[in-house]
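Engineer: This structure is in structure tokens; I'll ask about it shortly.
The values are calculated or read from the model by the stated rules, or taken from the named source; none is laboratory data. Just so you know, these numbers come straight off a predicted model, no measurement behind them. Counting neighbours? That spans all protein chains shown, and the Cβs are built from the backbone with ideal geometry, glycine included. With ligands, DNA and RNA removed, areas are computed over all heavy atoms of the protein, side chains included. Shrake-Rupley method; radii C 1.70, N 1.55, O 1.52, S 1.80 Å.
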Amino acid sequence: MLPSRPLRGDCAIYVRTAILALALLGLSLRAAETLVTVPPGTPFFAADDPNSPILAVPDQEVTLRSLEQRPLRPLRNPYFRGAHPLSFLVTIHRVALPDGHEAWVAPDLYADQQLDVILPRPLSSLPWLGAAVVLFLAITCILLSLARQQRLNEALQATSPLPLSRSLVLLGTLVLIQMLIFCWMRSMAGFVVPALTDEIDYFGIAQDLISRTPPAEWHFNISIAILYVPLILLTGAKSYLDIHPIVSTLNVAVFTPLTLVMAYFLIEKATRRPRVALATVACLLLLPLVFYPVEWHGKHSVFKLVPGLPFFGPASFRLYYYSVWSGWNGLADTASTFAVTLTLFLATFLRRRDWVYHAVIGAVFGLACFLRINNIFFAPVVAYLLWKRNADVPLRQILAHGLAAVATFLVCVAPQFVANHLQFGNFLTFPYVLHGNHASQGFEWSYVPSSTHFLMGTNWIYMAMGTIGLVMLCRQPAGQLFALWSVPLILFFCGYTVTGASPMRFTLTVYPALLAAFFFAAERGGFGKKPWLVWLGIVANALVCPCQRWQEPYGIWLGSVSYGHQLAVTLPIAVPMLSLVAILIGLHGKPRLFWLFALVVFHTGWWGGLPLLMIAALAMVVWDWAGDIRTHLLPPPDPATP
């Protein structure tokens, strides 16, 4: 029996706890801005430049009040060899010394007296750690309250969408967990951030737009630069470093949480299973902490996804990967993912179906494609959702509404085509032609082997699970949505010329669909009489990545112990075989068939197997959709006609 306590009380408890947590978070971070703890060996400079004369180097820790703070240019660790995706973004403070003079100090810089050089040193951030502790306590209180009122059991057992307020309570808790993970990451990483790359060019484009300077050497689309313009006007920023905290905070605190919330409601609507949507969002938060890509480019390349404990060391690639997942950067990835998800959300949940509805969808999707041009590969899923909403509408009205959507779409992407014409004299020539990495070529068949190897290997858990779900659901409405949501973009990046630039930046939008497809297919397939045994098998197989299974690194410290190599050779054989025996003995009927198929696909779909299965699932979806359209548009045959 569900508790009789009014839902209003549940929401009030959550809101009060969340407000308290955010207030304490704000106070903690505010304290970090006003007080500066200077460790021993930190130089005091005469100006806001590490190359200026050093006034003093304390031999003990001192705490001073910050009178002014400025960001320094990104610093590169001299111990890094070659290219590295991380850099040091140091803040320098103007402080008053005990003798009354003023100086500039950056606690993250260290004066090495022997080498006579100024070195960056990553320090843990106590304010961020304090914020993480506050969020942890708040989340614990909320979870205990939800468990006491059986709200979690209700969500896990529900076979229809939850009431809106109950869904928001659960989603709010997940968002706080996302913020907890982020604060934990920042507390360990200190001032280490993803290396600034495209952001600098976007900022330059934004400055040109403000000054009305005609495009000359714009190497990127104007997309995210448009979002920089109001920030520059409001803050008077002179460089990207002046707006970096604002842009990154906007991504982490607004775009990422809203994307997770909208993905939840889309999945819940499609599957009518709140537990599937909750499992998907929870995995989007937690899987990046324990599975990380390995990308060793070269003659003997290694691309795989390996398990390991969370680690955010200042030189760790895992810090870079989770920064991309969380949105802690100024690139278009997070905003683009938000815009596409918003398009699907509005297409599904807006109540009206007139031309205004279609114009809004076209405009939002146009904004998504304006932010990232390859979002055009989501056009099939947008068209599918619009068709489902208009299945009972006359053809003439469908065409009129479609025209409204196309018109607003073109209006929203028009600025980029105008910029193309001003810069190159051709509406369809994009600035990527100025890159030296063949990015302007788009999809190339000659890149299919290497790009597929990279994309599938570094995303194996997501791609394998998604493929299993898509194949098993290809004749179901939810499976059709998930296939059109994910497969077209994945297939494009299987042949994109610069897919190897990042394991997940270009495909952030498709992970909710892949995970939801697996969880919904698993629920339909069944777990037998001992679900815990099935979940144990899922975890065991997930820890044994079949991609280049006998090549280091192995993950979970197998490479650092004396018997690690022997285990790394044995586990990829033993775990699938034991799983096969367990399935044949412990499962029967439909669950046995489903999990046999899942086991085979997971361990044998390496290289081209997964894309081929995705193509087969997509072809089946398109075939069924075409049949649906034909049935709607063509009159049924007259039985009297021979």
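Engineer: Given the conditions (1) modelled with pLDDT of 95 or more; (2) under 25 Å from residue 276 (Cα atoms), and given that residue 406 satisfies all but one, which numbered condition is not satisfied?
Structural biologist: The one condition residue 406 does not meet is (2).
Engineer: Of everything in region 533-550, what is among the aromatic types (Phe, Trp, Tyr) and within 26 Å of residue 270 (Cα to Cα)? Give them in sequence order.
Structural biologist: 535
Engineer: So, one more: Search region 398-450 for residues being open to solvent by less than 40 Å² (accessible area, probe 1.4 Å) and among the hydroxyl-bearing types (Ser, Thr, Tyr), and hand back the single one that is farthest from residue 495 (Cα to Cα).
Structural biologist: 408
Engineer: Could you list, in sequence order, all residues of region 146-191 that are open to solvent by 60 Å² or more (accessible area, probe 1.4 Å) and closer than 16 Å to residue 258 by Cβ?
Structural biologist: Within region 146-191, 164, 168 meet the criteria.
Engineer: Shifting gears a bit: Between a first residue in region 148-161 that is of a type in the set (D, E, K, R) and a second residue that is open to solvent by less than 50 Å² (accessible area, probe 1.4 Å) and at pLDDT below 80, which pairs have beta carbons less than 8 Å apart while being 6 or more apart in sequence or on different chains?
Structural biologist: Sorted first by the residue in region 148-161, then by its partner, the pairs are 151/10.
Engineer: Looking for whichever is of a type in the set (Ser, Thr, Tyr) and either crowded, with 18+ Cβ neighbours inside 10 Å or farther than 30 Å from residue 319 by Cβ (or both) here; the options are 462, 563. Which one fits?
Structural biologist: 462
Residues are listed down the side, and each one gets a yes or a no for (1) open to solvent by less than 10 Å² (accessible area, probe 1.4 Å); (2) of a type in the set (Ser, Thr, Tyr):
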position	(1), (2)
302	yes, no
307	yes, no
315	no, no
336	yes, yes
344	yes, no
347	yes, no
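Engineer: Which condition number in (1) at pLDDT below 60; (2) open to solvent by 50 Å² or more (accessible area, probe 1.4 Å) is the one that residue 60 fails?
Structural biologist: Tallying (1) at pLDDT below 60; (2) open to solvent by 50 Å² or more (accessible area, probe 1.4 Å), residue 60 fails exactly one: (1).
Engineer: Whether any residue in region 510-527 is touching an Asp or Glu at 6+ places or on another chain (Cβ under 6 Å), in a helix (DSSP H, G or I), open to solvent by 10 Å² or more (accessible area, probe 1.4 Å) and of a type outside the set (S, T, N, Q) is what I want to check.
Structural biologist: Scanning region 510-527 turns up no residue that is touching an Asp or Glu at 6+ places or on another chain (Cβ under 6 Å), in a helix (DSSP H, G or I), open to solvent by 10 Å² or more (accessible area, probe 1.4 Å) and of a type outside the set (S, T, N, Q).
Engineer: With a cut-off of at least 1 residues that are over 22 Å from residue 72 (Cα atoms), name the helices (runs of 4 or more DSSP H) lying wholly within region 170-253.
Structural biologist: Answer list for region 170-253: 198-211, 223-235.
Engineer: So residue 277 fits all but one of (1) buried (at least 22 other Cβ atoms within 10 Å of the Cβ); (2) of a type outside the set (S, T, N, Q); (3) closer than 19 Å to residue 368 by Cβ; (4) over 16 Å from the mean Cα position of the chain (by Cα); what number is the exception?
Structural biologist: (3)
Engineer: Looking at region 362-380 only, could you name the residues that are within 17 Å of residue 493 (Cα to Cα) and either of a type in the set (Val, Ile, Thr) or assigned to a loop (DSSP other than H, G, I, E, B) (or both)?
Structural biologist: 372, 373, 376
Engineer: Something else now. Just give me the residues in region 541-550 being farther than 17 Å from residue 283 by Cβ and not in a loop (DSSP other than H, G, I, E, B), in sequence order.
Structural biologist: Of everything in region 541-550, nothing turns out to be farther than 17 Å from residue 283 by Cβ and not in a loop (DSSP other than H, G, I, E, B).
Engineer: Got a sec? Which of 403, 410, 422 is over 24 Å from residue 621 (Cα atoms) and without any contact (Cβ under 8 Å) to a residue 24 or more places away in the chain?
Structural biologist: Sole residue among the options that is over 24 Å from residue 621 (Cα atoms) and without any contact (Cβ under 8 Å) to a residue 24 or more places away in the chain: 403.
Engineer: In this structure, is residue 574 surrounded by fewer than 14 Cβ atoms within 10 Å (Cβ to Cβ) and assigned to a helix (DSSP H, G or I)?
Structural biologist: yes
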